[in-house]
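Heads up: the structure comes next, in structure tokens.
Any read-out appearing in this document is the output of simple, stated calculations on the displayed coordinates, not a laboratory observation. Remember, predicted model here, so these are calculated numbers, not experimental data. FYI the Cβ positions are ideal-geometry reconstructions off the backbone, even for glycines, and counts take in every protein chain you see.
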Amino acid sequence: MTSHDLLILCAAGMLVSGYLIVGQKRLFTTIRLFALQSLLLGIVAATIAVTQSRHELFVTAGITIAMKSILIPWFLMRLIDRIGIHREIEPFLNVPVSLLVCLGLTVVGYRVSTGFPEAVGGARHHLIGVALSMLLIGMFLMVTRKKAITQILALLTVENAVFLVAVGVTPGMPLVVELGIAFDVIVAVLVLGIMVQRIVDRFDSMDVSRLSQLKG
Amino acid sequence: MVAGPMASGAALQEARTVTPFDPGSGLRLAIALRVAVVALTLLSARRSSACRWVGFAGSALASIVTAATAAAMLSAEAGISSHGELFLHRASGFSFTYAADGLSAWFLIVLSTLSIPIAIFSIGYFAHGPLARRTAFSAAGFNALVGAVELVFVAGDAITFLFAWELMTLAAVALVTTEHEEGDHRRAAFLYLVLSHLGTGCLIAGFFALASMSGSVSFATLLSGEVARGPMRDGLFALFFIGFGIKAGIVPLHVWLPEAHPAAPSSISALMSGVLLKAGIYGIVRVCAFGLGTPSLSWGVIVIALGGLSAVLGVLYALMQHDIKRLLAYHSIENIGIILLGLGAGMVALSYGRGEIAWIGVAASLYHVLNHAVFKGLLFLGAGTVVMATGTRQIEQFGGLLRRMPWTGLCFLIGAMAISALPPLNGFASEWLTFQAFLFGFRESPEPLAHFLFPVGGAVLALTTALAAACFVKAFGISFLALPRTAAAAGAREAPPIMLIPQALLAALCLGLGLFPGGVLKALGRVLVSLPGLPPQADAAWNGLGMATGGAAFDYVVPMVFAAALACGIGVAAALSARSGVSARRAPTWGCGGELSPQTEYTATAFSKPLMMIFQAIYRPTRRVESLGDVSPYFPQGVRYHSEIEPTFERHVYGPVLRGVLRVADSLKVIQAGSLHAYLGYVIALVVWLMLVVWWRA
């Protein structure tokens, strides 16, 4: 198996994990799927680091795996344990319809990805296609999920998609920026976690659709 | 700024390099002074008295600098127009430019003439009562307001103008809310804010349309009169006329004015009525009349029609007001109407190509701009003094104030006579000139429309003037004569000198501007040179003390002669009564057998009742008489009389508009659901849509 195949495999794996998140109803499994997705992102980064001799990407890979596939999932699981909420996801749309919509979004993402000049050769095409599709799927997840936790996951999915493009297609970001982004993500998750707790405190639920009661 | 065909560019350019005087430095100095004064005022906010002196005396000083600059511009031989940068931000290349010409100088003089006495008055006015706590706020706002109006008058490009315009609006709104505890005041400020921004929106649209057609934002290009053509020009005229008209308070757009002017502290009301409205007039003169090319006939007709409507309705509604500041506010609408009548006559004459008649009309309107600022400022200051002394604005609760506040009363009387256009005061001079514009327009124009329009305009003006006189007989008589109606009026005290001196100053100006119209018209001659299409004036006609609009003998007026005749008459009467040796015999007034008390006095409502009956069709009054009795209405303990006139514009024009806007807003609520998911849904819908666009383009 060449490195090219490995890249495509990992990217496909990320997309599949995105679909699984859409289809999954249990909260803990969703978080584990997200951890898997982040792990695959880390592998993509490491693979590129090896094949293109861009050793700074090892740091990226390390940060990604440590943070997104270990630290953040752990934190989110602890959060769920602590606030003791119902561990099922309540989507607005049922699973089959959601999957169909995501299929459409993937078609749009892939079709648009062919418009990029970077996307002519092999693996990169798939990386951009997967990234755009995941971006749309992440947004879709945000719209259709009621729980605040699942919205954090959706946001992180979007972030993964952006990172995939940044690692796989661009000549690479400076290390400072990468560290900054990693830090941003962790802070965002912390802040959102706190917000979730506040929402639960206030409403005895973390159903964000109840926030509309706040409007005057 | 040099605009239009009158600008013989090369000659003026040369003149500018020769003249050593630079108005820019004067303007910069004035602005720097104001900024410093605002800073010092806010720093000394804790110490009310220091703050008052710094804020208002500093403002007066800055206004003196402005006035000196403007006067120097008008007296400079050729260098009457000047332009340059007031402020330059090097990094972005953004600059505020000024372009001062005769018209700017004239309005600056009008502004300073009023803002100096008002500033002095305010030093005394803000010392008392609940306003003392808001001294720093008011003084800073006052400085910001005056500075913004100055900037409006000298702005050299659309961006500077709009910036200053917005600053002016916001400062004025802030000042209206000075006493924000009262719901009325907050509502007035809100109404003012909303309508002003409607106007500003029109102005932004108009200026940007001009800028996109000409590729420049400088007024020299925008208002050269060669940018827009055909129907576009009419559209721009409408936009600008609405935009400036809201600020000026022209009748269908006036509803904010009677609410906002009384709500502000009296000295601020004086500034708003005297000068802030004139910013609208400035815009109309600068852009609508002379900035879009030769005005077309329909524009002039519109200006005359709306001017006439404003004049008549303004004074009619003023007659029915019993709140003295509201009454004065409605009179501002009337006077704006008179100013527009003169300007409209000038525009019609311009469209016929009759420059010399246009000269009279435009000169009359600019003259009235100054006069109205002076006498309306005086009246508002007088009203403020009275309100401070009695604690109420209702003239039904005044009475007998002349004995208690003789100097205020005298100044108010002079202002009231000036606004009623009695010779030899200043209101007479400009209104007479406006009449002349109509009469000459009628005589000299061969066109049938003019034969119809000009006499009607003149008649409207005559009606307005007579009604204004009636209204001020009421305002002065009920407030100052007879017996005090309430304890508050009985206990009124004369104001301190620092509040009387500015009023005396303005009263003297009323007299001076009326006695020496020739001098004013000479200055106006220099002003009007900067406007395209107007011929240089015939100097001979304006010499000395009189005014003559043409060669004929009947149109020559020397107010000094009126004054001399008046003085002689009074002198002869005094001499005769002194010689006859009959001393005045004091006896009680016959009261038809009843007892005479303040309650039997003629009230303001009663005084205006006959006019209410005559103009019933306009007022559509409703009245209710209730007998209050314990046993039976045939044995009343008291009678309650309630009379009200229909607020036509509020109810029948703005009511439906408001309801429509609210309905649209209600239907827009559907997308503002307050649901997080809906908002996220909008985002994803937008992203997908953009991606699809990219797809189709690819």
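List of remarks:
- Taking every alpha-carbon pair under 8 Å whose residues sit at least 6 apart, chain B reaches a relative contact order of 12 percent.
- Across the alpha-carbon atoms of the range B:569-698, the computed radius of gyration and Dmax are 34.8, 109 angstrom.
- Computed over the Cα atoms of the range B:294-574, the ratio of the radius of gyration to the Kirkwood radius (Rg/Rh) comes to 1.01.
- Think of the protein assembly as shown as a dipole: +1 on every Lys or Arg Cβ, -1 on every Asp or Glu Cβ, centred on the Cα centre; then among B:T605, B:W696, B:A358, B:T605 lies furthest on the positive end.
- HN-Hα J in Hz across the range A:38-55 - Karplus 6.51, -1.76, 1.60, θ = phi - 60°, x for Gly and Pro: 5, 4, 4, 4, x, 5, 4, 4, 5, 4, 4, 4, 6, 5, 9, 6, 9, 5
- For the peptide B:676-685, the mean number of other protein chain Cβ atoms found within 10 angstrom of a residue's Cβ is 6.
- Ellipsoid equivalent to the range A:118-207 - semi-axes via the Cα gyration tensor, in Å: 31, 17, 5
- B:S95 long-range amide H proximity, modeled H, under 5 Å: B:H89
- Cα-centre dipole for the range B:1-207 with unit charges at Cβ (Lys and Arg positive, Asp and Glu negative), debye to 20: 700 debye
- With a 10 Å cut-off around each Cβ of B:687-694, the average count of Cβ atoms from other chains is 4.
- Proximal lysines relative to B:K325, as straight alpha-carbon distance under 24 Å, when same-chain residues fewer than 8 apart are discounted: B:K247, B:K278, B:K376, B:K474, B:K609
- Pairwise FRET efficiency - A:N94 versus B:T392, Cβ, R0 = 60 Å, nearest 0.05: 0.25
- Estimated from the Cβ-Cβ distance and a Förster radius of 35 angstrom, the FRET efficiency linking B:T600 and B:A567 is about 0.45.
- Measuring nothing but alpha carbons in chain B and taking Rh as the Kirkwood radius, the Rg to Rh ratio lands at 1.00.
- Long-range HN-HN contacts of B:G225 with modeled amide H, under 5 Å: B:G293
- Summary: within chain B, the longest segment free of GluC sites (Glu not before Pro) located in DSSP loops with at most 15 other C-beta atoms within 10 Å is B:227-594.
- Cβ-derived FRET efficiency at R0 35 Å, B:R186 paired with B:R640, nearest 0.05: 0.75
- Peptides B:680-691, B:521-532 ranked from most to least packed, by the mean per-residue count of other Cβ atoms within 10 Å: B:521-532, B:680-691.
- When the Cα atoms of the protein assembly as shown are aligned to their principal axes, the ranges along those axes come out at 131, 87, 57 Å in descending order.
- For the protein assembly as shown, a simple Cβ point-charge model (Lys and Arg +1, Asp and Glu -1, everything else neutral) yields a dipole of about 1640 debye relative to the Cα centre.
- For the range B:627-637, 3J(HN,Hα) per residue [Karplus equation, 6.51 cos²θ - 1.76 cosθ + 1.60, θ = phi - 60°, Hz, x = Gly/Pro]: 9, 9, x, 6, 8, 8, x, 7, 10, x, 7
- Overall form of the range A:3-208 per C-alpha gyration tensor (a/c, 1.5; a/b vs b/c): oblate
- Comparing Cα centroids, the range B:584-609 and the range B:196-231 end up 60 angstrom apart.
- Close amide H partners of B:R485, meaning residues 5 or more places away or on another chain with modelled amide H under 5 Å apart, are B:G399.
- As a ratio to 2.2 N^0.38 Å, the alpha-carbon radius of gyration for the range A:47-98 is 1.80.
- Phi to ³J(HN,Hα) by Karplus 6.51 cos²θ - 1.76 cosθ + 1.60 over the range A:91-97, Hz, x for Gly, Pro: x, 6, 9, 6, 4, x, 5
- Farthest towards the positive end of the charge dipole of chain B, among the residues B:T178, B:A563, B:A164, is the Cα of B:T178, using unit charges on the Cβ of Lys, Arg, Asp and Glu.
- Adding -39500 (n - 2.57) for every DSSP H run of four residues or longer, then dividing by how many residues the protein assembly as shown holds, sets the calculated 222 nm ellipticity at -22500 deg cm²/dmol.
- The mean number of partner chain beta-carbon atoms within 10 angstrom of a residue's beta-carbon across peptide A:143-154 is 2.
- Expected-Rg normalisation [2.2 N^0.38 Å, Cα atoms] applied to the range B:131-245: 1.26
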